[in-house]
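The values are calculated or read from the model by the stated rules, or taken from the named source; none is laboratory data. All values derive from a computational prediction rather than experimental measurement. Don't worry about glycine lacking a Cβ; one is built from the backbone with ideal geometry, like all the others, and counts go over all protein chains shown. Quick note on the areas: whole protein, heavy atoms, side chains included, nothing else; ligands and nucleic acids left out. Shrake-Rupley method; radii C 1.70, N 1.55, O 1.52, S 1.80 Å.
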Amino acid sequence: MTQSAAAQKPPATPRRLDPEDAQHALAEVQERLRRQQLVADLVHRQEEGDSKASLVEDLVHRQHEAELKTLLDGLHPADIAFILESLPKDERQAIWALVSPEHDADVLLEVEDWVRESLIEAMDRQDLVAATGNMDADELADLAPDLPPDVVAEVQKGLTEEERAQLLEAMGYPEDSVGAIMDFEMVRVREDVTLEVVLRYLRRLHELPDHTDQIFVVDRQDKLQGILPLSRLLVSEPETEVRAVMNSDFLALNPLDSDADAAGAFERYDLVSAPVMDDQGRLIGRVTIADVVDVMREDSQEQALSRAGLQEEDIFAPVATALRNRAPWLLFNLCTAATASFVASQFEGTVSQIVILAFLMSIVAGIGGNSGNQTMTLIIRALAMGRITGRNLWQLVKRELLVTLMVGLCGSLVAALFAWAISHSVSIALVMMAAMVCNMLVGASVGVLVPMVRARFGKDPAMGSSVLLTFATDSLGFFIFLGLATLFLL
């Protein structure tokens, strides 16, 4: 019986705050920083060489630092990370300098990647080695891409051969794979021992690994034979052998599986943890619900940003950095808007003769865009969950077009009544109705095709999808509406 990567170190566990309390802590930090800056500004207005004013500034500065440090020491690393992510870079560095060294490693693991880089830049080599020296192999693998190579090499010297092998193994897997998120801390037992022996072994451990809901049963070659749920361990007779109560029907992951697929499995089967096996059936790690929640959160954030054509960035990043992130898709959006305006300009004669069309065509474009956005959201989510295959694709397309047609017919009746009410023209109302239905079908088609085509070529299906959808529904919406008006109203 072994406990792999057995971290026998009891981590410090500061008081855990609720999210609302973390926001209050952020507000308090910002207020103390504001007061500190106010004192500094007042002192600087004094005459140069005023030693008394400088002494007052120094005393107030030390007092504020002591208060901030006391506040930070009472926070959980996740809440400290939240505060650091919510501050401009200069204030972030000032607060980071006040965080206790014993919390450095946990905070570095909690913060977003774009904040972690700036925190690591502010630390000297000795502090980095001290912060990462006690990390588990899987945690160190998460940080390794952001750490200086010499720091990684120095930390490796302090690892055991097993930990060094685990670190190299974790760093060798693709970023979005199960191997990149699995951890090596787990409890393993043999199938030929009794439950009483297992219980005695567990009592000798300092603590169980986080999110331990099952014990893994392996043979002498570490091949996984089954799982022993803790609930079954506790209620079964101590004299019973493990093989009699272990569960041989279990879900196991491969280290090269997608982390999104693993998240789907956890959601589908209500898992707390799952073993990771290599191609020879050997147990090499496990994935826990904590890892999966992080994957789901990151995927959700990436999708939200991708739909607007954005990548993750520091909200307080320099203007030049923000421009590089946002300008490409905004410029593309400008081109699409210019195209839509050009289409509308080709019907200048129609609009000049029937001015009311200028007020109605924006409704056609807007409703088409909203309808397409609904379809696109469903498709992107279905792709993320792996629910779209070659066999059900055409059925899905037909369903979305049918749903859009039915909704379009109902909505277009309301739009036609509105058009008739302000124009007193049945012809304009009918044109409005037909154009809205057609443009909603355009939006639904684009909402299906754009994510599917991008996914087919290995691209992020959400990247820039809303920009492309707006281009299609605006340009074609104007063309359909004004084209029908030209044909039937002039």
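Some observations on this one:
- With respect to the conditions (1) over 27 Å from the mean Cα position of the chain (by Cα); (2) without any contact (Cβ under 8 Å) to a residue 12 or more places away in the chain, R454 falls short on a single one, namely (1).
- Condition check for L108: crowded, with 19+ Cβ neighbours inside 10 Å and touching a helix residue (DSSP H, G or I) at 6+ places or on another chain (Cβ under 7 Å): yes
- Within segment 114-125, residues that are touching a residue at least 24 places away in the same chain (Cβ under 8 Å) and of a type in the set (K, R) reach partners that are surrounded by fewer than 20 Cβ atoms within 10 Å (Cβ to Cβ) and part of a loop (DSSP other than H, G, I, E, B) with beta carbons closer than 8 Å, at six or more positions or on different chains, in the pairs R125/P148.
- For beta carbons closer than 8 Å, sequence separation of 6+ or different chains, a first residue in segment 166-178 that is part of a loop (DSSP other than H, G, I, E, B) and a second that is open to solvent by 20 Å² or more (accessible area, probe 1.4 Å) and hydrophobic (A, V, I, L, M, F, W, C), the qualifying pairs are Y173/A180; Y173/L256; P174/A180; P174/L256; D176/A260.
- Condition met for V235 (surrounded by 13 or more Cβ atoms within 10 Å (Cβ to Cβ) and over 30 Å from A384 (Cβ atoms)): no
- Sub-6 Å Cβ pairs linking a first residue in segment 340-355 that is assigned to a helix (DSSP H, G or I) to a second residue that is open to solvent by 70 Å² or more (accessible area, probe 1.4 Å), at least 6 apart or interchain, are V343/F479, ordered by first then second residue.
- Among the candidates V450, V407, residue that is in contact with a Ser or Thr (Cβ under 6 Å, 6 or more places away or on another chain) and either of a type outside the set (F, W, Y) or open to solvent by 80 Å² or more (accessible area, probe 1.4 Å) (or both): V450
- Scoring W394 on the criteria (1) open to solvent by 60 Å² or more (accessible area, probe 1.4 Å); (2) not in a helix (DSSP H, G or I) leaves a single failure, condition (2).
- Pick from segment 426-447, criterion open to solvent by 30 Å² or more (accessible area, probe 1.4 Å) and of a type outside the set (A, V, I, L, M), ranking: farthest from N373 (Cα to Cα): S427
- Of all residues making up segment 12-50, the number that are among the small types (G, A, S), modelled with pLDDT of 60 or more and open to solvent by 50 Å² or more (accessible area, probe 1.4 Å): 1
- Qualifying residue in segment 470-490 (condition: more than 39 Å from the chain's Cα centre (by Cα), modelled with pLDDT under 90 and outside any helix (DSSP H, G or I)): yes
- In segment 376-405, the residues that are under 21 Å from L484 (Cα atoms) and of a type in the set (A, V, I, L, M, F, W, C): L405
- Among the residues listed as S86, S118, the single one being within 22 Å of Q36 (Cβ to Cβ), of a type outside the set (A, V, I, L, M, F, W, C) and either open to solvent by less than 20 Å² (accessible area, probe 1.4 Å) or touching an Asp or Glu at 6+ places or on another chain (Cβ under 7 Å) (or both): S118
- Residue count for segment 224-237, restricted to those that are at pLDDT below 95 and under 17 Å from M182 (Cβ atoms): 0
- Residues that are at pLDDT 85 or above and over 26 Å from the mean Cα position of the chain (by Cα), drawn from segment 129-151: V129, A130, P149, D150, V151
- Residues being at pLDDT below 90, over 26 Å from the mean Cα position of the chain (by Cα) and assigned to a helix (DSSP H, G or I) - total across segment 423-451: 1
- When restricted to residues that are of a type in the set (V, I, T) and open to solvent by 50 Å² or more (accessible area, probe 1.4 Å), segment 453-485 contains 2.
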